[in-house]
Structure formats: C-alpha cells, structure tokens
Amino acid sequence: MKQFLVFVRKEFYHVFRDKRTLLILFGLPIMQILLFGFALTSEIKNAKIVVVDYSKDASTQKIITKIAASSYFTIEHNILSYDDMDKAFKQGKIKCAIVFPSSFNEDLKHTNKASIQIIADASDPNTARTLTNYLISIISNYQAEINANVQVPYQIQPELRMLYNPELNGSMNFIPGVIALVLMIICTTLTSVSIVKEKELGTMEILLVSPFKPLYVILSKVIPFLALSFIDLIVILLLSNYVLGVPIRGNIFLLLMESTLFIITCLSLGLLISTVTNSQQTAMLISMMGMMLPTILFTGFLFPLENMPLPLQIISNVVPSRWYYYVVKAVMLKGLGLQAVWKQTLILLGMCFFLLTVSFRNFKIRLA
Amino acid sequence: MEEKAIICKDLTKQFGDFVAVNKISFEVDSGEIFGFLGANGAGKTTAMRMLCGLSFPSSGEATVAGFNVFNQQEKIKRNIGYMSQKFSLYENLSILENIEFFGGIYGLSDRQLKEKGEELVNTLRLQKEAKKMVGELPLGWKQKLAFSVAIIHKPKIVFLDEPTGGVDPITRRQFWDLIYKAADDGITVFVTTHYMDEAEYCNRISIMVDGRIDALDTPTNLKKQFSAETMNDVFYELARGAKRSDN
C-alpha cells in the first residue's frame, strides 16, 4: 500500500511540474467554457440586411422600422437597384435582402394582397433559414397589426413553451458536450501519453523489473488522472452554473456517478492506446485526432445526430461521449433520474468493461 | 555456502521461427562480476530479459538468486536490481525524490530511505545538487546515480544493460569503481557492454554469437585460447563468424 502511495505521489509531481500538462488540465476546460459560452454562438445577432424599397410608402416604412428595431438585423443602407444588391451579396457584405415592389401599397390597399421578396445568402443554409424566419415573423406581426380591427372567422393561436430552457440559453446545449469533450481529452490523452512516456524513457522496464506489480503500475497511473478529471468536472460545473447560468436540475450525486463511469471509460481508452504504441507522438496523435474529432462530430452537441445519414448515425453509437452527453443533458438539464438514463448507463458500463478487459489483456501480452 | 547466483541450462527463447536465444548454459558465482558480451542482435538483451523475469523462456531452465524463472518471477524481482541502456531516472524529479521513489517501490521504510538518500548523495558527492532536478545533471552523473539507485535495495544480483553507453572514459572508470564497490559488498554483477576495456575488468566473460554462447572464461584465459593480444581481437574473431547482424 505504501508503495502505491509513493507511486501516486510521483505521478502528481510529474503533472504539477509539467507546464504543458497543467495547461491542458486546467487551461483547456476554462478556455472551452468561455469560448463556447461567449464567443461561439449559433444565435444570429445584427445580421446585415439591405432594403430595396421601390414603393416608399407608409406601410413599407413601418415594416422597415420594425426590422431595424429588432436586434437580429442592422439595416446596412438603402440600395435602390437590384444590381447593387447582387453585388453586395457577391462581396459577402450582406446576409439578407428584402425587396418591396413599387406596387406594394397599391396592391395591399386595392387587391388586399401584396408580395414581398426576401433574398438570403444560403451558402450558409442555417443562417439563411433563421434570418428568413425572423423576417417572416416580423411581417406577419405587421399583418396582425393592420388586421387588428378585422374579425377573422377562424383563428389559431399557437402558444409556445420552451421546456427546460425557457430563455433559449445557448449554453445549455453545449455545456454537457464540453464536459464530455474535456473529460475525453484529459483522460484519454494524458493517460496514454503518461504511460507511453515511461516506455520511451525506459523507466517502464525498471518498474516492471521491480516487485511492483504491472497491474499496480497501471492503477497508480490512472488514479491521479481520475482525481484530476474529477476536479476538472467540478470546475466546469461551477463555471457553467455561476458564469453561464446553466442550472443543475437533477441529482448531483447521480451526475457525479455517471461522470465517474465516463471518466473510467475514457481512462481505459487511454490505456488501450498506450498498449498499442511506443512513442508519445503517436499516442498524442491517436488520442487527439482519433478521439477528439469523433467526439466533436458524433456527440451531438455541435451537429445534431438526427440529421446525419444513417451510416454516420450508426458509427456514432460506438462513441462513448454520445451516450454520456445524453445522460448529462437528461440529468443536469431536465432533472431526470436514473430510470430515464439506465439504458445509456448500461451501454457506457458495457463499453467501459470491454475497453478495460481488452487493454489489460493487451498489456499482459506485451509483457510476455 | 558459496551458492550460484545464476544457473542457466539450455535456456531458449523463440519468437516464431526466429531463435533469439539458442540453448545457452552458464553459471555465475555469487559476488562475481560477469561480463555478457555479444554483437548487436546476438541475443544478449533477450537473455537478460528472461533472467530478470520480464519474459518467459521458451524452453530450458534457469534459476536466479535461487529462484526459478518460470514460476518464481516475483521472488526474483525482489532480489535483483536492473539498469538499462536508456538512462532511466525521472528527469523532472529531484535526486532525492528519485531515490525516494525507487526505494519506495522496493518497500524501503522512510527511515531507510532517508539514510540511503544521505549516504548516496554523500558517496556521489552530490550534496549541493540533491534538490536539483535530475534532468539538469550531466550524463555521467546521471549514470552513476542510476546505478546507485538500481542497487538501493541491496539486491543479490544487479543486471546492467550497457550501462556506460555514451559516457567519457574518466566517468566510465569511476562507474567501474562503483561496480567494484558493489561487488565487494557481495552483490553479483551481470553486465553487458560493447567496450572491450570494460570486458577486461570482469572476472569472467561470455561472448554470444547468433544466440549461442561461443566462449566463456576469464579474460586472460580467453586471450590465451584464441591466441589474441587483446579482448578486442577475441571478440572480433568470434563475432566475425556471426550470420545475423543488424546491418
């Protein structure tokens, strides 16, 4: 037991004396949270829009004022010709344009029917869709205003209720993703690199020649990172709660247990990587490129899995973070209990068990 | 009471079709400095790994410090020290921390560690550097330190795998002083080297060629046997016949 403590203490020396490790360990999660929390957002604010107004009357003016008043758009400048607008699109100066035909007011007054053209730069389809939706809702809002005194015989009034996230706080979606990503990187990369480093330096041989059992070597490598990942998890949770205002609605104990399960899964993955490579660079490359990319792509916090083609959806099933992400969302944001996530928990348990068995077996084969 | 430190009989290691170590037999007496020579790829390291309990022999028998290499590896590990050709202390730990760590995993008590640490630092005259990170030391000192750490738990046998690679002649001489001192303390030394002057320092040497041991005797007798002036000539005479080499 004492040997074990000596070993764990040595691991902590390594971590705290290596600036790069420290940076990954504590810089990365904080940076990710701040980056995703403040810099990267899928919401669109102040998109540049151009108004081509051939009509120039009271009603077009009202609509333009409404557009200008919304926080989604800034009106760039009034371009009069269609060609100028085309040029502005090509140069990427504007995202969206709205064209009022010269007969707009006439049509509205006399035929009770007028049309407006909305043009959006769909090279970024998501933005284009969002912007056109905003514009349509502004226009229908105006329509409702001019129809205020008219009794419409049939009327359907949709009542919206945004569950779990009424303020549509964008942080809610990615915090669980960032937790998964950070834990994945720390556990997998740091563990594999730290084991492979000993092989590279030749100290692994010395350890294996000592009476200290190989299994204990692995365990004492893994335990410090388990502890450190746990600290990271707490840091992320505190940051997201107090800085980004993401609530923890579910049982915190359950959340921590599930996270521990995920951490152990990632650690075993790191272990597996360390058994198949002998150089730190390879280990780094495999865990960064081989693990980080799938984690970002297939977890579902940046790109919704439901929209992916079937083969990719199937691939996403083997990415552990995908299941963990689901669990965190359910427990942390929706406040659900174990009965809602037992399936995902079982899958994670299975993965963890599988990875541990394979890596221990590999480790032993390497020794023989 | 003079028991043998290492007894090897027809020890063989096979990787698929490749016979890395081919039926080697030899004995090493307690307290002896035994030189284990051979060209690169002759099978020295493989043989040494089997004796250290790092890999299982394919066939044959061997005991190290009286324990069987097949089923008493754990006991062997308690009784041997090992230093590899790669420098193998932790660079970002201080000298004392390295001593504490390696002594610690051999189960030395805190009191023993403290005594050993002081003793070691004093004999190597590293008092001023004791708290420095090992990475800042010159290579020669690192090697001497690594050797001292390898025998910190007073093993019966210490295995040295090309311990003096890349060190200057003066440091090598000092390193051998340490080896002699260890042998005086009753530690059997099993050492591989490519330096023939070092071979002369050994009590007995064996020379491996293509996985076999082709010669085994005292340096003086070997020179007589091959009617050679120096150990260099002896080695050259034997290694010339090698079929496998790494170049």
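The values are calculated or read from the model by the stated rules, or taken from the named source; none is laboratory data. As the structure is a computational prediction, the values presented were derived from the model and not from experiment. Backbone-built Cβ (ideal geometry, glycine too); neighbour counts: all protein chains shown. For accessibility, only protein heavy atoms count, side chains too; no ligands or nucleic acids. Shrake-Rupley method; radii C 1.70, N 1.55, O 1.52, S 1.80 Å.
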From the list A:N169, A:N141, which one is farther than 26 Å from A:S359 by Cα, of a type outside the set (A, V, I, L, M), touching a residue at least 60 places away in the same chain (Cβ under 8 Å) and assigned to a loop (DSSP other than H, G, I, E, B)?
A:N169
So in the stretch B:91-106, with the set limited to residues that are part of a loop (DSSP other than H, G, I, E, B) and facing chain A (nearest Cβ under 7 Å), which one is least open to solvent (accessible area, probe 1.4 Å)?
B:L93
Would the stretch A:93-105 turn up any residue that is closer than 21 Å to A:S71 by Cα, in a helix (DSSP H, G or I), more than 34 Å from the chain's Cα centre (by Cα) and of a type in the set (A, V, I, L, M)?
no
Of those in the stretch B:36-52 that are open to solvent by 40 Å² or more (accessible area, probe 1.4 Å) and in a helix (DSSP H, G or I), the residue nearest to B:R78 (Cα to Cα) is B:R49
Of the residues in the stretch A:1-40, those that are open to solvent by less than 50 Å² (accessible area, probe 1.4 Å), of a type in the set (F, W, Y) and within 24 Å of the chain's Cα centre (by Cα) number 1
Residue that is nearest to A:S81 (Cα to Cα), among those in the stretch A:1-57 that are charged (D, E, K, R) and within 14 Å of chain B (Cβ to nearest Cβ):
A:R20
Subset of the stretch A:66-86, residues modelled with pLDDT of 85 or more and open to solvent by 80 Å² or more (accessible area, probe 1.4 Å), comes to A:A69
Inside the stretch B:152-181, the number of residues satisfying the requirement of being open to solvent by 30 Å² or more (accessible area, probe 1.4 Å) and either aliphatic (A, V, I, L, M) or touching a Cys at 6+ places or on another chain (Cβ under 9 Å) (or both) is 2
For the stretch B:220-240, give me each residue that is free of Cβ contacts under 8 Å to residues at least 40 places away in the same chain and either closer than 26 Å to B:I76 by Cα or crowded, with 19+ Cβ neighbours inside 10 Å (or both).
B:L222, B:M231, B:V234, B:L238
Unmet criterion (only one of (1) within 10 Å of chain A (Cβ to nearest Cβ); (2) open to solvent by 30 Å² or more (accessible area, probe 1.4 Å); (3) at pLDDT 90 or above) for B:Q85:
(3)
Is there any pair with a first residue in the stretch A:311-336 that is closer than 17 Å to A:L181 by Cβ and a second that is in a helix (DSSP H, G or I) and among the basic types (K, R) whose Cβ atoms are under 9 Å apart and which are 6 or more apart or on different chains, and what are they?
A:S316/A:R322; A:W323/A:K343
